[in-house]
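All remarks here apply to the structure that follows.
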Amino acid sequence: MTPLNGNPRSSADYYRGAGGSLNIRAGSIAGSGRISADVGYPPDNHGPSGGGRVAIRLTDANADFDDYTGPITARGARKSDTANVWVGGAGTVWTSTAAQGDDHGTLVVDNGFPKLKDWAETPIGGLVTGNAFGDVFVGGSARLEVSEGASLFVSGVLSNGCEFAALADSTVSFFGAGLSFLIAIFYFVKKLL
C-alpha cells in the first residue's frame, strides 16, 4: 500500500502555463494528502491558465480508492478570489483500478468553483489521447468539449454539473454490458454551415 499524507503537486503560477501533470501508478493507495495539478491566480490583465492532468492507476487486483480520503484536483486559474469571471479550463483527473482497466476508469473535469462565467473548455480529441471511460463527471465552472470529429465513449455515468459540448461531426457513445446514465441537462447542437 502506498501511504499518501503529504501533498504531491505539479502546478504553475499565474500565466506561465498549465498546471503540469502527475502520473501515479501504485499497487494501492491510502491516506489523506492532497494530490494537485492546479494553477495559481493570474496577475491583472493576464488570462488564466488551464489546469493540469492527474492520472492515478491502482494495479493490485482488489485495490480501490476507499482508503484514500484526500482531494485530487486539476483546477484552472481564476481571476481572483472575488472576481466572478475569467476562469482557465479545468484540467483532468483520471483514476482507474486494475478491475476497471484503462477504458473504464473515471474522468473528472472540475474547476471546483461555483458556476462562474467565461471559462475555457477542456477538450477530448485532437491532441488529447484517451477517449473511453467508465464514468465522466463535469463539475463547477468547467466545460468538457468533444472536439470536432472526435469521439467520447462512456460505459457508466455521464454527469454534467456545468457545461458539456459535442462539436460538429463528433460522437458520444455508451458501451458495455451494464446500464449507462445521463445526469443533468445536455444540449447537442448541430453546427450550421
Q: Run Phe153 past the list (1) modelled with pLDDT under 85; (2) open to solvent by 60 Å² or more (accessible area, probe 1.4 Å) and report the number of the one that doesn't hold.
A: (1)
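So that you can scan it fast, the table gives a plain yes or no per residue for (1) at pLDDT 70 or above; (2) farther than 16 Å from Val108 by Cα:
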residue: Arg16; (1), (2): no, yes
residue: Leu22; (1), (2): yes, no
residue: Arg25; (1), (2): yes, yes
residue: Gly31; (1), (2): yes, yes
residue: Gly40; (1), (2): no, yes
residue: Ser49; (1), (2): yes, yes
Q: Among the residues of the stretch 118-150, write down those that are open to solvent by less than 10 Å² (accessible area, probe 1.4 Å), modelled with pLDDT under 90 and in a loop (DSSP other than H, G, I, E, B).
A: Ser141, Ala142
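The values are calculated or read from the model by the stated rules, or taken from the named source; none is laboratory data. Source: prediction; values computed, not measured. The accessibility values were calculated without ligands, DNA or RNA, using every heavy atom of the protein model including side chains. Shrake-Rupley method; radii C 1.70, N 1.55, O 1.52, S 1.80 Å.
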